[in-house]
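The values are calculated or read from the model by the stated rules, or taken from the named source; none is laboratory data. None of these values were measured; they are calculated from a predicted model. Neighbour counts run over all protein chains shown; Cβ positions are idealised from the backbone, glycine included. Side chains included, ligands, DNA and RNA excluded: accessible areas come from the protein's heavy atoms. Shrake-Rupley method; radii C 1.70, N 1.55, O 1.52, S 1.80 Å.
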Amino acid sequence: MTKRIKILFTIPNFDTAGSGKVIYDLVKGLDKVLFEPHIACNHDGGAFFKDVKGLGVPIHIVNFCAPYRPFYSLAFRIRTIARFFKREQFDLIHSWHWSSDFTEALAAKWAGIPYVYTKKAMGWGNKAWHWRSQLSAQIIAINKDMETGILAPYNDKVRYMPLGVDLQRFRPLNRTRTTPLGHSFQDSDFVIVSVANLAPVKGIEVLLEAVHLLNNPRIQVLIVGDHENTYGKELKRTYTSSHIMFIEKQMDVRPFLAVADLFVIPTKDEGRKEGLPLAPLEAMASGRVVIGSDIPGIRDLLEGWDDLLFPAGDVQTLRDSLQTFLTLDVKTKNALATDMLQRSQNQFSLDKCIQEHQKCYQQILKTYAV
């Protein structure tokens, strides 16, 4: 029997289910005849960690990055990580760390193990990103703007591989008018849904301001995500209305997508921005039309639908886009929803994402062995 490829997936934690869910899906979907996946994270906290543990793969609670200071002992700390990598005899390390930290990549280099990282967001603020990239055997870009922008200097090792949506879990949903939490809507209501881990960069106030300008009593808005942080509390104080509902973070968003007539993602063009947001992709796979800000990642999802993209932060243009969509006839709306469903199935399926990752790992190790 051929030895399985032993891959270590590294991530700081599973406190939020964004990248953690991607790793979960990758590990679950990898061909176990060919691959032996392991996971390393800093602690076992977070509600989602229980699901990850249920995968039944080895999980290492370990610090796989080292603090830079004090500099005189940095080499010792990196060597400790390298010894862990080497002792476990990993064939490849795939990092999902959002940070520019390069100590993990250096430890992998020290251990003689090829290192891959997925660029999760558009931030690129210091030299550490360049060092991390130089030390990598491959860099995975999850949107096209990364390829032509921040990662262009490393185009010989950049590979475009967008994330994928689980099409077994997210399927076309019949329109409903109630949620599991007791929200109820009339048939005449027009329900806009946005799902996000609420932070200022998500631009939820842009959506709420646009809805306010419309002044349409038919419009109901559901914001699904943790709203007990400073940003969320400020939103609730500022936008107090019976037409705006803030829903706590949900492990299963499908019942809330089912009530949606439209999904909006109004992320701002600042900070780390988006990489490739999964929430609108899940909405598309559920048969919902998406309107989003014209920034990297969202552009990939809505490529060819320029009228459904609006300049990030532009309340008036979003207001106009919402008004235009409201006036479309049912046949046109349904056709848009069908086209978006097909886009999610053809270009952004989880199965395709897993297959591309498997090919990537095999090609890296083949090249590395030459």
With the structure loaded, tell me whether VAL27 is open to solvent by 10 Å² or more (accessible area, probe 1.4 Å), outside any strand (DSSP E or B) and in contact with a Pro (Cβ under 6 Å, 6 or more places away or on another chain) or whether it fails that test.
no
The lone exception for TYR117 - which of (1) open to solvent by less than 20 Å² (accessible area, probe 1.4 Å); (2) touching a helix residue (DSSP H, G or I) at 6+ places or on another chain (Cβ under 6 Å); (3) under 17 Å from ILE7 (Cα atoms) it fails
(2)
Out of everything in region 300-322 that is of a type in the set (D, E, K, R), in a helix (DSSP H, G or I) and touching a residue at least 12 places away in the same chain (Cβ under 8 Å), what residue ends up being surrounded by the most Cβ atoms within 10 Å (Cβ to Cβ)?
ASP300
Of everything in region 145-199 that's more than 30 Å from GLY125 (Cα to Cα) and among the polar types (S, T, N, Q), which residue is least open to solvent (accessible area, probe 1.4 Å)?
THR179
Hey, among the residues in region 85-101 that are open to solvent by 30 Å² or more (accessible area, probe 1.4 Å) and either assigned to a loop (DSSP other than H, G, I, E, B) or in contact (Cβ under 8 Å) with a residue 60 or more places away in the chain (or both), which one's nearest to TYR68 (Cα to Cα)?
TRP98
First in region 323-348 and loosely packed, with under 13 Cβ neighbours inside 10 Å, second anywhere and at pLDDT 95 or above and not β-branched (Val, Ile, Thr), Cβ under 9 Å, 6 or more apart
THR324/ASP307; ASN346/LYS352
Identify, please: which residue in region 30-51 is part of a loop (DSSP other than H, G, I, E, B) and not aliphatic (A, V, I, L, M) and is, among those, most open to solvent (accessible area, probe 1.4 Å)?
ASP44
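Looking only at helices (runs of 4 or more DSSP H) that fall completely inside region 178-278, which ones have 2 or more residues that are charged (D, E, K, R)? Spell out how you get there, then give the answer.
Working: elements: 204-214, 230-238, 254-257.
By residue number, 204-214, 230-238.
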Taking TRP110 and the conditions (1) more than 21 Å from ALA75 (Cα to Cα); (2) open to solvent by 10 Å² or more (accessible area, probe 1.4 Å); (3) at pLDDT 95 or above, which numbered condition does it fall short on, given that it satisfies the others?
(1)
Output for Cβ contacts, cut-off 7 Å, separation at least six or different chains, first residue more than 18 Å from TRP96 (Cα to Cα) and among the acidic types (Asp, Glu) in region 139-159, second assigned to a loop (DSSP other than H, G, I, E, B) and open to solvent by less than 40 Å² (accessible area, probe 1.4 Å), reads ASP145/PRO296
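Can you confirm whether region 251-267 contains a residue that is among the basic types (Lys, Arg), open to solvent by 40 Å² or more (accessible area, probe 1.4 Å) and touching a residue at least 12 places away in the same chain (Cβ under 8 Å)? Full working, then the answer.
Going residue by residue through region 251-267, those that are among the basic types (Lys, Arg) are 254.
Subset that is open to solvent by 40 Å² or more (accessible area, probe 1.4 Å): 254.
With touching a residue at least 12 places away in the same chain (Cβ under 8 Å) added as a condition, the list becomes 254.
Within region 251-267, one or more residues are among the basic types (Lys, Arg), open to solvent by 40 Å² or more (accessible area, probe 1.4 Å) and touching a residue at least 12 places away in the same chain (Cβ under 8 Å).
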Considering residues of region 68-83 that are more than 19 Å from TYR115 (Cβ to Cβ) and not in a helix (DSSP H, G or I) only, the residue least open to solvent (accessible area, probe 1.4 Å):
PRO70
